[in-house]
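This report refers to the structure that appears directly beneath it.
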Amino acid sequence: MRILLVDDDIELADMLGSYLEREACQVQKVSDGTSAVVQALSGQFDLMVLDVMMPGISGVEVLRRVREHSMLPILMLTARGDDTDRVLGLELGADDYVPKPCTPRELLARIRAILRRIGNQAQPAHEIDLLREGPLTMWPGERRAQWGETVLELTSTEYSLLELLVRNAGQPVGKDILSKQALGRPLARFDRSVDVHMSSIRQKLARVAPGRICIQTVVRRGYQFIKA
């Protein structure tokens, strides 16, 4: 795993980087936002771990700039209890977050969860199934989705959530199931991650299918993709 670790706390970055390297990761450490954007867009990394609080260009601005050009998986490091930065990061396209202070073991588990659902190992062509629900077509083996002829620019987490809903089209899927299977972790109390990601997916679908409601909220039961 090739990890870009962005944090201006040199001591913390060294500690996290050393642990990740012992777990067979290749780690590039960066301490400022400008360098982070350049490195993130270089195509050399599988995932970026990005601290929100940095001098100069903040982690949120780095996220915004990277998302203009790349769907590189991004795991945010946020201050514990700071829901504003957490929600903003998810709205801008972060795949997940880890509150600081965090243990290296927890960070590695979150990284592996994101990369596991992306599927680093390519599938043989005959094993790549195809999902189709009305105008929506998804290629899980390639993690690609289109509405008609229009490509949907989805983050890895958004893709996983949408795929899970489409596989269960016409039936509500609970938030805890969505969190466990798409985010790779149980749904915590007051955790709004699934809701924020779902809002982003809805906005992207609304742009390609104006006037059509594709995802319905089912009170106390979760979310449901409406069958065509």
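The values are calculated or read from the model by the stated rules, or taken from the named source; none is laboratory data. Bear in mind the structure is a predicted one, so any value in this text is a computation, not a measurement. Cβ sites come from the backbone with ideal geometry, for glycine too, and all protein chains shown count toward neighbours. These accessible areas exclude ligands, DNA and RNA; they are computed on the full protein's heavy atoms, side chains included. Shrake-Rupley method; radii C 1.70, N 1.55, O 1.52, S 1.80 Å.
Annotations for the structure displayed:
- Heavy-atom accessible area per residue - the chain, 1.4 Å, Å²: 50
- Sulfur and carbon atoms: percent of accessible area, the chain [1.4 Å]: 49
- Projected label distance in nm at Q26 and R207, using a 7 Å step from Cα toward the beta-carbon: 3.2
- Here the label points at M15 and R167, each 7 Å from Cα along the C-beta direction, are separated by 3.7 nm in the simple model.
- Applied to the stretch 149-159, the Karplus parametrisation 6.51 cos²θ - 1.76 cosθ + 1.60 on θ = phi - 60° returns per-residue 3J(HN,Hα) values of 9, 9, 6, 8, 8, 10, 6, 4, 5, 4, 4 Hz, with x for Gly and Pro.
- Global dimensions of the stretch 126-228 from alpha-carbon coordinates: Rg and Dmax equal 13.0, 42 Å.
- Ligands, DNA and RNA excluded, the heavy atoms of K175 present near 80 Å² of accessible surface to a 1.4 Å solvent probe.
- Stokes-Einstein diffusion coefficient of the chain, Kirkwood radius over Cα pairs, 20 °C, 1.002 mPa s, in µm²/s: 118
- Simple spin-label estimate for A109 and T34 in nanometres, 7 Å along Cα-Cβ: 3.9
- The stretch between K227 and S58 holds 56.7 nm of extra length on full extension. This uses 0.36 nm per residue minus the Cα-Cα distance.
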